[in-house]
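Novice: My questions all concern the structure below.
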Amino acid sequence: MAERRNMKPTALKVNRTAIEKFWGLLLPNLADILPKVSGRFILKTQELEGLTIDLACENFPHQRVLRGRGGYIPVVPLLMRNGEDTDYWLSLHQNWREEQRRATTSLLYGTTSLTVYYGLDTEEDKLQLFRAEWPGVRSLPNGEFTFEASGAGHPHWQIDVYQNYKNEVASAQKRLQDLIEIFRGAPQVEDFGKVVEEEIMADLARGREMCLQRLSRIHFAQRALWPVNPWRGDENTASSHAMAPVDVKEVANWCSSTILYVARELSR
């Protein structure tokens with residue numbers, strides 16, 4: 001562990017056979033961890049400046065969600081209520097980048113993201129709760145490697161549920177404005193609308209929105225060695241909580257362990 005703790009981050013570069021090996025390691029574990037109602041797992045791939053892979057399943061082929069960072073992606077059941085209805089859903093999203101040198105067929109590891117959603121299978125809009133991500137490193141012009149979010153924890157957790165709060169506030173403000181427009185000219189309604197609107201805006205003005213925005217941007221370190229290797233705040237020496245995967249087996253182990261841990265915790 002001491003050797004790994006002091007290693008400089010390096011890019012994980014593999015061929016497509018190694019990527020197939022990753023999924024070969026992971027899929028049997030997912031079959032044991034995730035609800036059996038999923039049926040057979042399916043990989044949705046897209047090739048655009050590299051390779052993007054999303055996990056889907058045969059029994060819920062049309063279950064998709066709008067990802068917080070844009071685009072619709074498939075989800076699979078993560079946890080069921082009373083063995084019947086699915087409450088929690090999981091998206092497993094992974095991407096690999098092409099190398100700059102065209103002569104090579106290798107791909108560079110980009111990131112793997114595990115995102116948890118809440119909602120019934122009959123609900124199109126599911127609530128994005130949180131995600132666990134393990135990004136790789138980016139190459140710099142000088143040949144060095146660094147993480148995209150310098151100094152942050154990798155792998156890490158991120159809280160996403162703030163976006164739902166923001167949407168609810170915007171929706172409430174719009175409904176209020178619509179009511180004011182409908183009943184414009186009625187003094188009591190206009191006075192009531194002004195009071196409610198002032199309360200909403202005062203609530204935001206107290207800093208709640210800014211607080212939640214900051215919270216959604218925090219990379220909560222998932223694998224930190226602070227008890228034995230304390231961090232002093234230097235972004236360039238964050239190896240005590242930022243590390244890149246060295247092979248696809250590490251990523252597969254991280255995925256299955258994180259999914260199992262989340263499912264167990266949500267079922268408490």
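The values are calculated or read from the model by the stated rules, or taken from the named source; none is laboratory data. This structure is a prediction, so every number in the text was calculated from the model and none was measured. Reconstructed Cβ throughout: ideal geometry from the backbone, glycine too, with neighbour counts over all protein chains shown.
Every residue, every condition in (1) without any contact (Cβ under 8 Å) to a residue 12 or more places away in the chain; (2) part of a loop (DSSP other than H, G, I, E, B); (3) of a type in the set (Val, Ile, Thr); (4) out of contact with any Cys (no Cβ under 6 Å at 6 or more places or on another chain), yes or no:
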position	(1), (2), (3), (4)
Ser216	no, no, no, yes
Arg223	no, yes, no, yes
Trp226	no, yes, no, yes
Lys249	no, no, no, yes
Ala252	no, no, no, yes
Leu260	no, no, no, yes
Arg264	yes, no, no, yes
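Novice: While we're here: If you take the residues of segment 59-94 that are under 21 Å from Ala263 (Cβ atoms), of a type in the set (D, E, K, R) and out of contact with any Phe, Trp or Tyr (no Cβ under 8 Å at 6 or more places or on another chain), which of them is modelled with the lowest pLDDT?
Specialist: Residue satisfying both the conditions and the ranking: Glu84.
Novice: If you scan segment 43-54, which residues turn out to be of a type in the set (A, V, I, L, M), without any contact (Cβ under 8 Å) to a residue 24 or more places away in the chain and touching a strand residue (DSSP E or B) at 6+ places or on another chain (Cβ under 7 Å)?
Specialist: Passing the criteria: only Leu43.
Novice: Every residue in segment 30-53 that is at pLDDT 95 or above and at positive phi, please.
Specialist: Gly39
Novice: While we're here: Collect the residues in segment 40-89 that are in a loop (DSSP other than H, G, I, E, B) and of a type in the set (A, V, I, L, M, F, W, C), keeping them in residue-number order.
Specialist: Leu48, Phe60, Val75
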